Structure formats: C-alpha cells, structure tokens
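**Q** Sharing a structure below in structure tokens format, with a few things to ask.
The values are calculated or read from the model by the stated rules, or taken from the named source; none is laboratory data. What you are looking at is a predicted structure, and each value in this text was computed from that prediction instead of being measured. As a convention, Cβ positions derive from the backbone with ideal geometry for all residues, glycine included, and neighbour counts pool all protein chains shown. Heavy atoms of the whole protein, side chains included, go into the accessibility calculation; ligands, DNA and RNA do not. Shrake-Rupley method; radii C 1.70, N 1.55, O 1.52, S 1.80 Å.
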Amino acid sequence: MSTEKNRREISGLVVEKWANLGTCISHAENKTVFVKGAVPGETVRIRTDKENSKLIWGTVVSAEKISTLRIESDCSAFPECGGCSYRHIPYEEELRIKKSLLNDSFLYVSKLDPSQIPEITILSGPSNSYRNTAQIKIEFKKGKTNAGFYKENSNSLVSFPKEGCKHLPSEMNEYVRKNLGNKKTFSRKGDWRLRYSSGEILEYDKKEVKIGPYLPEKIEWSIPAEGFTQVNRFLLEEWMLKIRSWIPKNCGSVLEFYSGAGLISLAIGHLVSRLSGYELSNSSVQAAEKNAKILGYSHLEFHTLDLNSALPKKLGSFDAQLCILNPPRAGASSSLLDFLDGFKASRVIYSSCNPSTLARDLGILKNSGYKLKEIVLTDFFPRTKHFEVLVLFDL
C-alpha cells in the first residue's frame, strides 16, 4: 500500500465512467484507477493517493482534455479535502449521476429485473449551507491549533477553508473563525463537534441540543449529547412528510428499528395507534421517551436493544403490519432481516444512508417476498459522495 511519501503522478489517463463514492474509473499499468475530481471523457494527470497490486486511487492535478461539464470549484479546499466529491460539475449533473448509480446498485447488487424497479424520484434542496452538524478535525502542531478535514484517502489535515466550509451555515463558519485559537473550546483532541440549533452553535458532545421546529405541528426534538440526527436542515421536514405519506390509513401498531431519539416516531405519532421503537443507545431511548411525553404521545414506547444480537421472541407476537428501519451505514443487521423474513409485516419503510448496504438488504427482502413500491433519492449530502434513500416495500 502506498503512503504519502511515495506518491507519484500518472499522466494521460482517459476517464471512462462514473463509479461509486464520487470517483471515476480509468485504467493504467494493468490496474483499475479510481479518480477523484475527473469527468468522463477527459484526459487527466493525477497524483496517486493510495495503491495496491490491483488498484490505484488518485486525485486530478490537471486536465489535458477538458469536459464541457466541468465547472470551476467554489471551494479552495477541493479536491484535496475528503468531504466533497462533485464541486467540479453542476449540481443537476451530480443528481443525475447519483440516480444512475443507485439504479445500477439495484440491478447488479440486488439482482432486480428493470421491471421490478420503480421510477426513482429525487428530493433535493439548497446545495450549500445545509448541514446542522459538523465534525471538524483538530491538530496541535508547533504550538498552533489547526482545524480542518481529512485529505482524501488520508489522515492528513486539509486546513479549514479561509472562506469557510460551503456545507456549513454562515453562523457555524463564523463560530469556527472566532474560537479556533481557544484550546479550551475543544472537548477532546482530534474532534470538534458542533451543531446548529435555533440560531445557536453548540458543542453537541457536551450537551443536549434541540432541532426544529418542523412540520405543521411545529415539533421540536431534544437530541442527547453525542446523539445522532439527520444533518440536512433544509430537507428534514420534506423527508418526514414523505414518510408520513406512506403510513396507511387506520394504521394500527408499528415496529420501528434504529429509532434514535424519536425523529420518525414523533413525526408519525398522530397517525398510529401504537409504536414500539428499538435502539442501542440508552441515552437516545431516554430522549425519545422525553420527546414523546412532551407531545403527550403515551402510545409511543421505546426500548434499548442491540439489534445485532438475536431479537427477543416476544417481538414476533407484536401485532404490527408496518415496520420502519433507519439503520446506520452498515445497514440492517442479519438478525433483523431474519426477523422481518419471519414476521411478514405487510409494509416496510426503509431509510438508508448507504445505497450499497441498502442494495444488499433489498436483495434479501426481495427473497422474503417484499416488492419495491417507491424509491426516493433524498440528497441529504449535496456535493459529497453520500446520499440518503427512502424505500417503500409491500408484500
């Protein structure tokens, strides 16, 4: 495996097509090359970032033949910073690429016939200033405090852009500029965790924060210290409204897995007669209980449960025709997928932050008899290689 010390340059690479994770594919020296910062049809010179006996990962240094799709990046840290992948093409083109890659994952990973894949719709919003959360890397070197994000395929720091990170609200960028020199600001060496909440910037590994109000009911959620929540402040409400639209009329009981602090649970609470949520983090379970109590939702209950372990048999006797999943990037656990295979809920709603594991799980659910009814590519992470996908299954 190559290191930063033995990086080199390769010229004359012909860029062939888009690949996953925000790269393009090329070939050189009998190896497959994954290129960041390129556009198919270009001929480029790259700097290698990482390589082994079969693969090379590299970043464009210059383009010898330039695509008409290429635009000038609006960030001084791109493409060195590992945060963004698509700042060299229009946002509309990025959405087209993500949609195509998602469709391919259903074809080649899930092994679906094209006729089994509904039209993929896209939910998108502003492509800048959208994050309500930031994890900024901190480095102490020669008496100075440096902040930034990791370089692509590296643990080396790329300095925080002088103009601010395009993903972050102006208030968060200003907070970083004002507080960077104050070492007491940092909760621990190596990570500075900030969250934008009601116009304030808070360090969310130190204290509970609130998000919202969202939805016509103006609901707010308390998120515990270190707690996770969806990061796109512009699309959160539309995402929750889409999930609401998939709740059947006269919906009875619901099982929700990876329920967190109750983001989905509270959004649909008025549409269900009973909901039982399961989550590994006890602090998130406590926050969900608190959030439900504030709204008077006594019919929502939450439980601490390791979903990677064998699920308790009593779950199988729960009278629910709807299951909701919002797993981490690793996807649904094998024990949960086994449970769904036997439980046979008539409807499953799956929100995924990793299309690759979604495609894997979709193939398993297909074999359990579930059919894809709707797919919504929700671009929670514009200009990056990541995106969320909402999927509706029926038996």
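**Q** What are the pairs, 6+ residues apart or on separate chains, where a residue within the range 62-76 that is within 13 Å of residue 39 (Cβ to Cβ) has its Cβ under 6 Å from a residue that is of a type in the set (Gly, Ala, Ser)?
**A** As it stands, the answer is 67/41, since those pairs meet every condition given.
**Q** Let me ask something else about it. Considering only the range 14-42, state which residues are assigned to a loop (DSSP other than H, G, I, E, B) and within 21 Å of residue 73 (Cα to Cα).
**A** Once the filter is applied, which keeps residues that are assigned to a loop (DSSP other than H, G, I, E, B) and within 21 Å of residue 73 (Cα to Cα), the range 14-42 yields 15, 19, 20, 21, 22, 23, 37, 38, 39, 40, 41, 42.
**Q** Does any residue of the range 92-102 turn out to be surrounded by fewer than 18 Cβ atoms within 10 Å (Cβ to Cβ) and without any contact (Cβ under 8 Å) to a residue 12 or more places away in the chain?
**A** Within the range 92-102, one or more residues are surrounded by fewer than 18 Cβ atoms within 10 Å (Cβ to Cβ) and without any contact (Cβ under 8 Å) to a residue 12 or more places away in the chain.
**Q** Taking residue 137, is it free of Cβ contacts under 8 Å to residues at least 12 places away in the same chain and open to solvent by 40 Å² or more (accessible area, probe 1.4 Å)?
**A** Judged against the criteria, residue 137 is not a match.
**Q** Of the residues 209, 176, 158, which single one is farther than 30 Å from residue 73 by Cα, touching a strand residue (DSSP E or B) at 6+ places or on another chain (Cβ under 7 Å), touching a residue at least 12 places away in the same chain (Cβ under 8 Å) and surrounded by 18 or more Cβ atoms within 10 Å (Cβ to Cβ)?
**A** Checking each option against the conditions leaves just 209.
**Q** Looking only at the range 247-272, count how many residues are open to solvent by 10 Å² or more (accessible area, probe 1.4 Å) and in a helix (DSSP H, G or I).
**A** 3
**Q** Something else now. Here is a list: 315, 365. Which entry is in contact (Cβ under 8 Å) with a residue 24 or more places away in the chain, touching a Phe, Trp or Tyr at 6+ places or on another chain (Cβ under 9 Å), part of a helix (DSSP H, G or I) and over 27 Å from residue 114 (Cα atoms)?
**A** 315
Every residue, every condition in (1) within 18 Å of the chain's Cα centre (by Cα); (2) free of Cβ contacts under 8 Å to residues at least 60 places away in the same chain; (3) crowded, with 20+ Cβ neighbours inside 10 Å, yes or no:
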position: 281; (1), (2), (3): no, yes, no
position: 290; (1), (2), (3): no, no, no
position: 331; (1), (2), (3): yes, yes, yes
position: 369; (1), (2), (3): no, yes, no
position: 390; (1), (2), (3): yes, no, yes
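**Q** Identify all residues within the range 43-73 that are assigned to a loop (DSSP other than H, G, I, E, B), within 23 Å of residue 150 (Cβ to Cβ) and either at pLDDT below 95 or open to solvent by less than 20 Å² (accessible area, probe 1.4 Å) (or both); write none if there are none.
**A** Matches in the range 43-73: 52 only.
**Q** Another question about this same structure. Within the range 234-246, how many residues are open to solvent by less than 10 Å² (accessible area, probe 1.4 Å) and not in a helix (DSSP H, G or I)?
**A** Adding up the residues that qualify gives 2.
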